[in-house]
Amino acid sequence: MLEQQLTGRRFSRRAWLAAALILIVIPATILFGVFVLDDRKYYFISLLIVLYTMIPFAMVFERRKPQARELVVIAVLAAIAVAGRAAFFMLPQFKPVVAVVIIAGVCFGAEAGFLVGAASGFVSNFFFGQGPWTPWQMFCFGLIGFLAGILFKKGLLGKSKLPLCVFGGLSTYFIYGGIINIGSLLMVTPQFSWQALLAFYATSFWFDVVHAIATVFFLFVISQPMIEKLDRIKIKYGLIDP
């Protein structure tokens, strides 16, 4: 049996490491790319984020050797998110990525949620276009998946449609939209100002609303059948216990 990620109110060593990487190291790396590398090395920064993400995820298997089928399920979820984003390319912001990432976090844990989110943002941008926005998207997608896993483990987020839809809509609008707008401002100018940030929030309002509605819609439609199938796969093959 794997070490529990969260026990009562205490975080495990793996959870503390994951939180430090996601909340401190990855944002610092993105800002390093913005201010020191002048947003010119976004491939390098994106690969660093993937590497950081793999560290706590690999610690899931610190007491045993991972089976290929465990890693395949995570890869398939990332592929579904990428394919879903590509399938709805004609509808700006109306994408299922956040919904799939939340489901991954709930079913397989916070580390897997972040990994699926970061990988989805990186890989899908080979179709949509890589750029200095890629690390920001990777971080935002991954952070939502990480929070979904943490909240589910703490019993604050259930598997039913209503809590998933509420969390999905709010996290897409406030976390993804909020952070991406900061990133957009820093891509235009390294000189931060509240007036400019408010202008970005105002101009992106409807895009963020559409993105949040899309997440709610896809969670309402696909969350229950996907979670049921993933739970059966976990039981049948004895996969990762988040």
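From 124, 160, 120, 171, grab the single residue that is hydroxyl-bearing (Ser, Thr, Tyr) and open to solvent by 30 Å² or more (accessible area, probe 1.4 Å).
Only one candidate passes the filter, namely 160.
State which residue is modelled with the highest pLDDT when the search covers only the stretch 55-70 and only residues that are exposed (fewer than 14 other Cβ atoms within 10 Å of the Cβ) and part of a helix (DSSP H, G or I).
69
Which of (1) free of Cβ contacts under 8 Å to residues at least 60 places away in the same chain; (2) under 27 Å from residue 41 (Cβ atoms); (3) touching a helix residue (DSSP H, G or I) at 6+ places or on another chain (Cβ under 7 Å) is the odd one out, the single condition residue 75 does not satisfy?
Result: residue 75 fails condition (3) only.
Check 150, 175, 179, 144 and return the single one that is among the β-branched types (Val, Ile, Thr) and within 18 Å of residue 84 (Cα to Cα).
Being among the β-branched types (Val, Ile, Thr) and within 18 Å of residue 84 (Cα to Cα) holds for just one of 150, 175, 179, 144, which is 144.
Which count do you get for residues in the stretch 189-201 that are hydrophobic (A, V, I, L, M, F, W, C) and either exposed (fewer than 10 other Cβ atoms within 10 Å of the Cβ) or not in a helix (DSSP H, G or I) (or both)?
Final tally of qualifying residues: 2.
From the list 185, 219, which residue is open to solvent by less than 60 Å² (accessible area, probe 1.4 Å), touching a helix residue (DSSP H, G or I) at 6+ places or on another chain (Cβ under 6 Å) and over 19 Å from residue 97 (Cα atoms)? Walk me through it before giving the result.
Working: 219 fails: over 19 Å from residue 97 (Cα atoms).
Just a single option satisfies the conditions, and that option is 185.
Taking residue 83, is it small (Gly, Ala, Ser), surrounded by fewer than 22 Cβ atoms within 10 Å (Cβ to Cβ) and part of a helix (DSSP H, G or I)?
When the stated conditions are applied, residue 83 passes them.
Can you find even one residue in the stretch 76-84 that is in contact with a Cys (Cβ under 9 Å, 6 or more places away or on another chain), modelled with pLDDT of 85 or more, more than 26 Å from residue 191 (Cα to Cα) and not charged (D, E, K, R)?
Applying the first criterion (in contact with a Cys (Cβ under 9 Å, 6 or more places away or on another chain)) to the stretch 76-84 yields 77.
Right, trim to modelled with pLDDT of 85 or more and you get 77.
Filter once more, keeping what is more than 26 Å from residue 191 (Cα to Cα): 77.
Then keep just the ones that are not charged (D, E, K, R); that gives 77.
For the stretch 76-84, residues in contact with a Cys (Cβ under 9 Å, 6 or more places away or on another chain), modelled with pLDDT of 85 or more, more than 26 Å from residue 191 (Cα to Cα) and not charged (D, E, K, R): present.
Given 180, 175, which one is in a helix (DSSP H, G or I), touching a residue at least 40 places away in the same chain (Cβ under 8 Å) and touching a helix residue (DSSP H, G or I) at 6+ places or on another chain (Cβ under 9 Å)?
Sole residue among the options that is in a helix (DSSP H, G or I), touching a residue at least 40 places away in the same chain (Cβ under 8 Å) and touching a helix residue (DSSP H, G or I) at 6+ places or on another chain (Cβ under 9 Å): 180.
Condition test on residue 118, is it modelled with pLDDT under 90, under 18 Å from the mean Cα position of the chain (by Cα), of a type in the set (Gly, Ala, Ser) and under 14 Å from residue 140 (Cα atoms)?
no
Residues being touching a residue at least 24 places away in the same chain (Cβ under 8 Å) and either among the hydrophobic types (A, V, I, L, M, F, W, C) or assigned to a helix (DSSP H, G or I) (or both): count how many of those fall in the stretch 32-46.
7
Residues of the stretch 34-52 being open to solvent by less than 90 Å² (accessible area, probe 1.4 Å) and touching a Ser or Thr at 6+ places or on another chain (Cβ under 9 Å), which ones? Talk me through it step by step, then tell me what you get.
So in the stretch 34-52, the residues open to solvent by less than 90 Å² (accessible area, probe 1.4 Å) come out as 34, 37, 39, 42, 45-46, 48-50, 52.
Result: 42, 45, 46, 48, 49, 52.
Looking only at residues in the stretch 1-46 that are over 28 Å from residue 234 (Cα atoms) and of a type in the set (S, T, N, Q), which one is modelled with the highest pLDDT?
29
The values are calculated or read from the model by the stated rules, or taken from the named source; none is laboratory data. No experiment lies behind these values; they were computed from the predicted model shown. For neighbour counting, all protein chains shown are included, and Cβ atoms are generated from backbone atoms with ideal geometry for every residue, glycine included. Areas reflect the complete protein model, heavy atoms only, side chains present, ligands, DNA and RNA absent. Shrake-Rupley method; radii C 1.70, N 1.55, O 1.52, S 1.80 Å.
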